[in-house]
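Visitor: Have a look at this one before I ask anything.
The values are calculated or read from the model by the stated rules, or taken from the named source; none is laboratory data. Because the structure is predicted, anything quoted here is derived from the model rather than measured. All Cβ positions, glycine included, derive from the backbone under ideal geometry; neighbour counts span all protein chains shown. When the accessible area is computed, the model is the full protein with side chains, heavy atoms only, and any ligands, DNA or RNA have been set aside. Shrake-Rupley method; radii C 1.70, N 1.55, O 1.52, S 1.80 Å.
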Amino acid sequence: MKPHAAVPAPGAEERSAPDLANLPNLAERRRFILGTTSGLAAAGLGLCNLRPLPARAESGTPPPDPRQTPKTIRYQDYSDIWRDKWKWDKVVKGTHTRANCISACSWDVYVKDGIAWREEQAALYEPSRPDVPDFNPRGCQKGACYSHLQTADSRITHPLKRAGARGEGKWKRISWTQALDEIADKLIDAAIAEGTESIVFDDGTTNAGYGPESAGDMRFAEAIQATRIDSWAGVSDMPMGALQTWGLYNCEGTSDDWFRSDYIVIWVGNPVYTRIPEVHFMHEARYRGAKLVVVAPDLNPSTVHADLWLNIKPETDAALGLACAQVMIEEGLFKRDYVLEQTDLPFLVRQDDGRFLRQSDLVRGGADNALYLWDEATGQPVVAPGCEGDGSGGRSLRLGALRPALSGSFSVTLADGARVEVRTVFDRLRAMLDREYRPEQAAAVTGLNPRLIRRFAREMAAAPAAMIFASWGACKHYHSDLFQRAMLLLMNLTGNQGKPGGGMRIASWWGMDGLDAMTEAPLSLMDKLRLIPKALRGFTPRDYEQIFTEISDKSPITPLMVFLYVHGGYKEMWDQAHLQDPALPRPLSQYLRESLDRGWMRVHPPEHRAPRAYLFTGCNPLRRWPSPQIAREKLWPKLDLVVSVNFRMSTSGMFADYILPVAGYYEKYGIKYGQSYVPYIICADKATEPLGEAKSDWEVFGLLSKHVAERAKARGIGPVRGFRDQPLDLSRTYARHTSDGKFDPTDPEDPIKLMDLIFANSPNVAAKSGREALRLGAVPVTAHARPSPIYQNYSDFAQGDTHWPHRDFVEKRVAWPTLTGRQQFYLDHPWFLEGGEALPVHKDPPHARSKYPLRINGGHTRWSIHAIWRDLPLMLRLERGQPVCFMNPADTAARGIGDGDMVRVFNDHGRFECMVKVAAATAPGEVIIYHAWEAYQFKGWQGQQEPVEAPWKALHLAGGYSHLHYRMFYGGPSHAPRGAPVEVEKA
């Protein structure tokens with residue numbers, strides 16, 4: 001079924017471009033041009049995004065004469081019409097603010113007659129240093145055609161109300177007043193029945209910006225104290241292995257720092273597809289002698305540029321990393337001083353229970369978070385500087401006169417007089433690697449030749465600067481955390497983490513102190529007073545993490561996977577035996593029960609209440625959630641209200657009750673989230689007015705808050721149950737939203753007012769007002785900001801240089817925010833001990849036991865940013881025009897499948913149909929389908945997620961252990977959309 005077609009903007013006229021090859025002869029062209037000026041202007045401006053009018057029904061009324069009201073123009077010949085293509089009313093600096101592309105690019109948007117006709121990359125970025133290439137040009141083919149998408153068939157330009165069953169595709173256009181009043185009344189009804197936590201708000205992951213394009217919905221959710229879905233881990237974008245090792249996961253600098261690497265490893269990634277504006281730095285580094293290595297099972301577009309390809313078997317990455325570590329340690333190729341200072345490998349572990357040796361073991365009443373090294377200078381165990389309980393706040397890694405033993409077994413006397421043997425983590429690690437992960441053993445798992453594994457390890461260890469690019473794609477397998485812990489072990493053994501051109505790179509954002517203006521202050525006066533002593537001595541990374549956790553605890557925030565398990569109807573599927581980790585002694589349900597009971601994880605609304613309303617903006621849950629048919633069948637019937645707030649129709653929008661149209665990216669002011677790849681904050685000026693009746697996000701959510709307040713007052717609604725059942729006055733929703741009148745979302749200048757506050761209070765960027773930022777388009781970053789929940793690179797920013805992460809830990813010896821204060825490879829949490837994951841290991845995923853022989857894998861598509869561009873004809877023309885999967889010739893031949901055939905991909909749980917592309921570049925046993933196809937692009941609206949059960953790892957629910965805890969945008973269970981077992985047959 002075709003999505004709802006866009007309605008032309010009032011007064012806009014659609015016409016087809018004339019065939020210039022068949023224009024009348026020159027003598028007739030004067031009359032032709034005079035009579036069809038508007039038609040030729042459209043052709044000259046390249047308006048392939050405008051569509052012809054439907055054919056007129058035959059009638060007795062003749063069509064209007066196209067030569068009516070001719071416009072007199074001056075010209076010499078027909079080429080003047082083409083010159084008119086380059087004449088514009090204005091050129092505006094724009095960007096794509098809520099496109100979750102993990103990039104930030106400035107564009108020149110060309111506007112004529114109130115229409116954004118085209119865009120070009122803005123080449124305005126200065127090189128960081130003279131010996132490094134610059135960032136120009138930045139942009140991709142999606143950004144280069146957004147002017148087409150903004151007027152595509154899927155564009156929503158008027159408020160819509162469902163006129164049939166959910167998903168039936170029947171809609172009725174209604175007024176904004178009717179839409180807002182009806183939605184407000186249903187929200188109030190939900191709050192009366194179950195409390196405001198029954199209102200669930202979902203803005204996806206990073207489908208957000210740094211300005212008014214996202215501040216409105218954030219303020220709305222806070223004003224009504226709605227449950228907010230934390231989808232970061234829920235869409236498998238949370239690098240749990242990094243979090244388990246570092247106590248943080250932000251790890252990236254500017255992409256020009258890649259140019260300074262000597263050994264670049266792309267591991268579980270495809271940056272040629274996913275980092276189009278950045279990947280040239282990897283290729284340019286090869287010109288200065290760098291080696292590019294790709295670890296991937298398929299010959300993907302990034303692999304074809306590699307100097308070395310390790311075509312590993314899927315999901316055996318941890319085994320490869322650990323085998324490389326075995327080689328480095330056995331051959332003495334590791335950086336001993338770095339390992340002693342920056343890692344927990346010299347820490348002492350008890351041989352009897354596998355726990356770190358703690359002060360509470362040796363001294364009655366001693367601290368449980370004071371951990372020990374063996375000091376070779378004194379021959380005694382000594383509390384490790386920088387650990388959480390070192391007595392000085394765990395601030396510094398400086399060893400002073402200490403000489404930690406990296407290797408050795410020692411006997412210590414416990415507080416009760418008993419003797420116990422202790423051993424360093426390094427020795428435990430080395431023994432495990434020698435026993436289980438020699439290259440010959442890893443070869444049987446990975447499919448790689450042992451000589452190739454040794455070559456890889458030796459080359460990495462010998463490189464002056466080595467880095468591993470492993471971004472969000474490296475988070476989407478069941479044991480991705482083990483992959484990442486193994487990769488980080490290599491970066492530590494080689495001393496690369498925290499140095500230019502080195503270390504593991506995931507992603508990071510720039511901080512801006514002024515972003516506080518986006519929401520109300522989350523900390524009370526008393527909270528701030530409690531922080532004064534820490535502020536006086538200087539906040540540490542641990543202090544900041546404590547603050548972020550306290551802020552998170554003050555709102556009804558819930559991890560997506562937990563929400564779907566408890567409220568979404570997914571419990572039955574995820575409790576099935578074949579989805580359990582065979583290495584764990586208990587099923588997922590018992591781990592979740594313990595985590596909820598201990599308060600490690602939380603779920604809103606509470607388990608005994610049901611969600612009643614669901615609002616989503618900037619995301620597409622029924623496209624990206626695993627097994628969305630479960631949500632449609634079990635969660636949707638619980639919901640009295642489903643609202644989509646978006647500029648386009650989506651799979652999820654088709655199952656909504658109301659759709660509120662928001663302005664397109666060129667139709668509103670905004671600040672693109674500050675991805676650290678480029679040292680600029682990219683801003684979007686308002687190039688044109690919104691099409692139809694669309695409004696900016698800032699105005700839409702302001703109006704919705706206003707209508708909630710007005711309807712609550714008109715209905716005489718008293719206080720309802722808010723967060724944790726505290727009374728909440730809904731008649732003051734608008735007052736809370738606007739900070740008691742500080743903002744007026746209906747004022748066209750209000751977004752600029754907010755941007756003024758943001759930039760005026762952000763001393764680390766070059767602009768001091770919103771208007772200045774909009775004029776610049778790309779605002780230079782001039783310094784680092786204070787950390788935030790998504791900005792924790794802990795590196796000074798130096799103008800005139802590239803930027804790389806984690807300098808504070810390496811150069812200033814600041815303690816890492818972990819239990820040990822180091823990059824921690826040994827986790828003695830009871831769950832990790834019983835699960836056999838105290839050290840990084842290789843494990844097969846649960847689906848390794850499946851009867852189905854093929855595995856669905858894939859990645860982010862090249863032709864869309866998630867689903868936003870997925871149905872745009874201009875992009876579909878660059879591929880096969882419909883959902884397609886890639887299979888190895890051996891697999892297709894065995895099934896009688898030919899190139900271009902339609903196939904059915906299925907298992908016991910679900911199925912979908914698509915076209916097949918026979919591709920030798922695909923590994924045998926793989927079915928590669930790139931993500932984000934809309935369900936309505938498949939037969940029967942059965943999309944590619946339907947057979948994906950996506951089990952998730954129980955150990956990700958662990959808490960109560962220093963850096964192993966949950967807060968918003970930190971931790972939480974990640975499901976596994978990769979590796980789903982299936983069979984394929986000809987449809």
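Visitor: Taking the conditions exactly as written (of a type in the set (Gly, Ala, Ser), assigned by TED's automatic domain parsing to the domain that holds Glu749, over 21 Å from the mean Cα position of the chain (by Cα) and closer than 19 Å to Tyr146 by Cβ), does Ala663 satisfy them or not?
Guide: Considered against the rule, which asks whether it is of a type in the set (Gly, Ala, Ser), assigned by TED's automatic domain parsing to the domain that holds Glu749, over 21 Å from the mean Cα position of the chain (by Cα) and closer than 19 Å to Tyr146 by Cβ, Ala663 comes out as yes.
Visitor: Output the number of the condition that Arg155 fails; it satisfies all remaining conditions of (1) open to solvent by 10 Å² or more (accessible area, probe 1.4 Å); (2) charged (D, E, K, R); (3) within 34 Å of the chain's Cα centre (by Cα).
Guide: (1)
Visitor: Something else now. Just give me the residues in the range 429-449 being in contact with a Lys or Arg (Cβ under 8 Å, 6 or more places away or on another chain) and either open to solvent by 10 Å² or more (accessible area, probe 1.4 Å) or without any contact (Cβ under 8 Å) to a residue 12 or more places away in the chain (or both), in sequence order.
Guide: Val445, Gly447
Visitor: If we keep just the residues of the range 718-737 that are surrounded by fewer than 19 Cβ atoms within 10 Å (Cβ to Cβ) and in a loop (DSSP other than H, G, I, E, B), which is modelled with the lowest pLDDT?
Guide: Looking at the filtered set, the residue picked out is Gly718.
Visitor: Is it the case that Val708 is closer than 19 Å to Gln225 by Cβ and either in contact with a Ser or Thr (Cβ under 9 Å, 6 or more places away or on another chain) or open to solvent by 70 Å² or more (accessible area, probe 1.4 Å) (or both)?
Guide: yes
Visitor: Restricting to the range 846-860, and then to whatever is over 25 Å from the mean Cα position of the chain (by Cα) and hydrophobic (A, V, I, L, M, F, W, C), can you tell me which residue is modelled with the lowest pLDDT?
Guide: Among those that are over 25 Å from the mean Cα position of the chain (by Cα) and hydrophobic (A, V, I, L, M, F, W, C), it is Ala848.
Visitor: Do we have Ala694 as under 26 Å from the mean Cα position of the chain (by Cα) and either at pLDDT 95 or above or under 23 Å from Trp509 (Cβ atoms) (or both) here?
Guide: Considered against the rule, which asks whether it is under 26 Å from the mean Cα position of the chain (by Cα) and either at pLDDT 95 or above or under 23 Å from Trp509 (Cβ atoms) (or both), Ala694 comes out as no.
Visitor: Follow-up. Quick check on this structure: which one of Ala535, Ala517 is in a helix (DSSP H, G or I), crowded, with 21+ Cβ neighbours inside 10 Å and at pLDDT below 95?
Guide: None of the other options fit; the residue is Ala517.
Visitor: Additional query: For the range 848-876, how many residues are out of contact with any His (no Cβ under 8 Å at 6 or more places or on another chain), open to solvent by less than 40 Å² (accessible area, probe 1.4 Å) and over 18 Å from Asn207 (Cβ atoms)?
Guide: Qualifying residue count for the region: 6.
Visitor: If I filter the range 210-225 for residues that are surrounded by 22 or more Cβ atoms within 10 Å (Cβ to Cβ) and of a type in the set (Phe, Trp, Tyr), do I get at least one hit?
Guide: Looking for residues that are surrounded by 22 or more Cβ atoms within 10 Å (Cβ to Cβ) and of a type in the set (Phe, Trp, Tyr), one finds at least one in the range 210-225, hence yes.
Visitor: Just the residues that are in contact with a Gly (Cβ under 7 Å, 6 or more places away or on another chain) and more than 17 Å from Arg228 (Cα to Cα), please, taken from the range 716-727.
Guide: Listed by number, the list holds a single entry, Val720.
Visitor: Here's another thing I want to ask about it. Of all strands (runs of 3 or more DSSP E) completely enclosed by the range 889-962, which ones contain at least 3 residues that are touching an Asp or Glu at 6+ places or on another chain (Cβ under 9 Å) and open to solvent by 20 Å² or more (accessible area, probe 1.4 Å)?
Guide: 902-906, 911-918
Visitor: While we're on this one: Among all residue pairs at least 6 apart or on different chains, which show Cβ distances below 6 Å where the first residue, located in the range 550-578, is exposed (fewer than 15 other Cβ atoms within 10 Å of the Cβ) and the second is at pLDDT 95 or above?
Guide: What qualifies is Asp575/Ser589.
Visitor: Which residues, taken from the range 232-268, are charged (D, E, K, R) and open to solvent by less than 10 Å² (accessible area, probe 1.4 Å)?
Guide: Pass one, the range 232-268, residues charged (D, E, K, R): 237, 252, 256-257, 260, 262.
The answer is Glu252, Asp256, Asp257.
Visitor: Could you look through the range 480-505, keep only residues that are assigned to a loop (DSSP other than H, G, I, E, B) and out of contact with any Asp or Glu (no Cβ under 7 Å at 6 or more places or on another chain), and pick out the one that is most open to solvent (accessible area, probe 1.4 Å)?
Guide: Top of the filtered list is Lys499.
Visitor: What number of residues within the range 134-170 satisfy the criterion of being outside any loop (DSSP other than H, G, I, E, B) and in contact with a Gly (Cβ under 7 Å, 6 or more places away or on another chain)?
Guide: Looking only at that region, the number is 0.
Visitor: Hey, any hits in the range 778-785 for a residue that's within 19 Å of Gly511 (Cα to Cα), modelled with pLDDT under 95 and not aromatic (Phe, Trp, Tyr)?
Guide: yes
Visitor: Select from the range 602-637 the residues that are open to solvent by less than 10 Å² (accessible area, probe 1.4 Å) and farther than 28 Å from Tyr930 by Cβ and list them in ascending order.
Guide: Answer for the range 602-637, where residues must be open to solvent by less than 10 Å² (accessible area, probe 1.4 Å) and farther than 28 Å from Tyr930 by Cβ: Pro605, Pro611, Ala613, Leu615.
Visitor: Residues of the range 753-787 being open to solvent by less than 30 Å² (accessible area, probe 1.4 Å) and not in a loop (DSSP other than H, G, I, E, B), which ones?
Guide: Of everything in the range 753-787, those that are open to solvent by less than 30 Å² (accessible area, probe 1.4 Å) and not in a loop (DSSP other than H, G, I, E, B) turn out to be Leu754, Met755, Ile758, Phe759, Val765, Gly770, Ala773, Leu774, Ala778, Val779, Val781.
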